[in-house]
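Comments concern the structure below.
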Amino acid sequence: MRISNSAKIFLGTATGGVLAIIYLPLFIVLINSFNKSMNMYWPPPGFTFDWWAKAFGSGGLLAALGTSVLIAICSSSIALVLGTLLALALSRYKFFGKQAVGLMVILPIALPGIVTGLALNNAFRTVLGLQLSMATAIIAHATFCVVTVYNNVLARLSRTNRNLEDASADLGAGLFTTFRLVTLPQIGSALIAGGLLAFALSFDEIIVTTFTAGSGVETLPIWILNNMFRPGKAPVVDVVAVTTVLISIVPLYFAQRLAKEDSK
Amino acid sequence: MKNELSAAGVTAIAVTPARRVSSFFYKYPKNRLRALIALPALWLGLVYVAALLMLLVTAFWTVDEFTGNTRVALNFDNVISLFTDPLYTTVTLRTIGIALGVTIADITLALPIAFFMSKVAGPKLKTIIAISILLPLWASYLVKAYAWRSVLSDKGILQWLLAPLGLNTPGYSLWGAAITLGYIWLPYVILPIYGGLEKVPGNLLEASSDLGAKTFTTLRRVIFPMILPSIIAGSIFAFSLTLGDYITISIVGGPNQMLGNLIYSNVGTANNLPMAAALALVPIAIMFAYLASVKRTGALDNL
């Protein structure tokens, strides 16, 4: 198949155009965080650093950031354990119901977030009679984060050499020693990549959080949503938006690099 | 035996509890699987699948008119009203319409980009584009919706750009919501399709043209069937995520509602969990039907 030059130019232009559209709104948010106008007027009448100073002087905001980080750390830790165990089980054994287990892992992200959120809300409140709290939010986040760890570890395990584990056993190492000295170093960077992805997924989540966190639990996305419609708050929300993008993109950049090194 | 080994220079291994556990699992490999899978399967089964099943059941329960509590009493009213109440039918059809539109638009935009990345761009450019598409994918969903709130606003950049052409921004409307949703899910559609195209070997395309096929024929009869599972995988994201959305529509959709808003208000202000559960059956049923119908294509392995 030959791709004509005009087709190449068309495809290239389309790609460039879409990339521009992908980045334009994000740049607007960045610029608006310095926009003197409080109402997102374009072009900006002038620039100021006030909003940045204001945002980081706000106690509620910093508390929300802390809550988000705490929930993300707890839920990605749980997801790391569950996802790794599942990946080990599904990569090494054939068993009845294997497909069902595989489906169970992807279901929390394949179904809309509102379904996951509502199902857990209903289970916690109506069925178990629990009060919603930070713990219920962590349980919910961990549930949909399992899949990122699972996918990363499974992909890595499919490329590792199982003979090494058998050799380790032949040389007298027990299961735990083999896991620590042979398996873990091989899947280590996949764990880090999966954990970082899980962290970012949890950090940005809003729909499931709205349904499963107690009323006093304010994560950063919930803070953004609560303040978005308040008059005069738009510029501070811009600052927070830029900050969240930076916080979630930096770990992801490293996760990607780890994943890439792995595939080489 | 032990003495002989020591004499041969082999150190005997101390029988610690860890060693006992280890030996047990070597002896009974099936238990090893059970030990690995027990915790995650219990978690996903008890926390998630059980919760989903309970949700199905709750849809048929009753809200006590006096106490406002949910009561266990069989009641089909909620599910029936899904099909009879004009509010529910209108919003459901609107939501499905937007989800379909967003999905089709995203696939249409994603195909040329994925194709350019995979078959035209050199290795370096390819990496740059892949990273440029991936990074915003992980930028907060909320931030992206909020970004469009600025873009679409009456005094925003879109109005500023369109005004000289005699056009107006769609503003906060269903169109605004559809554009924003399409924007948010686009990277989720591009990446699987790009992954699918990367798996199409170049020599297959050469073979096709050697056998006399024109470019379009090769696209249609060689490439398309091979990347169909990836297209479907991408569509699952765009479709499912739009189907359940209620945040984007409240940010850029003006007063309009989608299915998610109805579910949300039944949980919050109306405190009618059974009705919320009944409404949630709609996206669940649609997604399960869709997942089941595409399972054979192998699309689910591309998620």
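The values are calculated or read from the model by the stated rules, or taken from the named source; none is laboratory data. From a predicted model like this one, the values you see are computed outputs, not experimental measurements. Cβ placement follows ideal geometry from the backbone for every residue including glycine, while neighbour counts extend to all protein chains displayed.
What the table below lists for this structure:
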| quantity | calculated |
| --- | --- |
| Single match in B:Tyr141, B:Tyr183 (criterion: modelled with pLDDT of 85 or more, in contact with a helix residue (DSSP H, G or I) (Cβ under 7 Å, 6 or more places away or on another chain) and within 12 Å of another protein chain (Cβ to nearest Cβ)) | B:Tyr183 |
| Residue that is farthest from the other protein chains (Cβ to nearest Cβ) [pool: residues in region B:118-138 that are under 25 Å from A:Ser248 (Cα atoms) and in contact with a helix residue (DSSP H, G or I) (Cβ under 6 Å, 6 or more places away or on another chain)] | B:Lys126 |
| Residue list for region B:139-164, restricted to those being in a helix (DSSP H, G or I), closer than 14 Å to A:Ile249 by Cα and without any contact (Cβ under 8 Å) to a residue 60 or more places away in the chain | B:Val143, B:Lys144 |
| Total residues in region B:263-274, condition buried (at least 21 other Cβ atoms within 10 Å of the Cβ) and either more than 19 Å from A:Thr212 (Cβ to Cβ) or among the hydroxyl-bearing types (Ser, Thr, Tyr) (or both) | 1 |
| Failed condition for A:Phe27, given (1) within 7 Å of chain B (Cβ to nearest Cβ); (2) free of Cβ contacts under 8 Å to residues at least 24 places away in the same chain; (3) not acidic (Asp, Glu) | (1) |
| Hey, A:Leu107 over 21 Å from B:Ala139 (Cβ atoms), within 11 Å of chain B (Cβ to nearest Cβ), in contact (Cβ under 8 Å) with a residue 40 or more places away in the chain and surrounded by 15 or more Cβ atoms within 10 Å (Cβ to Cβ) or not | no |
| When residues of region B:129-143 are limited to those that are of a type in the set (Val, Ile, Thr) and out of contact with any Pro (no Cβ under 7 Å at 6 or more places or on another chain), the one surrounded by the fewest Cβ atoms within 10 Å (Cβ to Cβ) | B:Ile131 |
| Within region B:17-52, considering residues that are facing another protein chain (nearest Cβ under 8 Å) and of a type in the set (Phe, Trp, Tyr), the one farthest from A:Thr126 (Cα to Cα) | B:Tyr26 |
| Among (1) over 21 Å from the mean Cα position of the chain (by Cα); (2) of a type in the set (A, V, I, L, M); (3) over 21 Å from B:Phe60 (Cα atoms) - the single one B:Ile232 does not satisfy | (1) |
| Extreme residue, modelled with the lowest pLDDT, among residues of region B:152-180 that are at the interface with another protein chain (Cβ under 10 Å from one of its Cβ atoms) and surrounded by 24 or more Cβ atoms within 10 Å (Cβ to Cβ) | B:Leu158 |
| Filtered residue count, region A:161-181, keeping only those that are more than 19 Å from A:Val81 (Cβ to Cβ) and either buried (at least 16 other Cβ atoms within 10 Å of the Cβ) or within 14 Å of chain B (Cβ to nearest Cβ) (or both) | 12 |
| Condition check for A:Phe254: among the aromatic types (Phe, Trp, Tyr) and without any contact (Cβ under 8 Å) to a residue 12 or more places away in the chain | no |
| Listing of helices (runs of 4 or more DSSP H) fully contained in region A:153-264 that carry 1 or more residues being within 24 Å of A:Ile138 (Cα to Cα) and not charged (D, E, K, R) | A:184-204, A:207-212, A:220-228, A:234-263 |
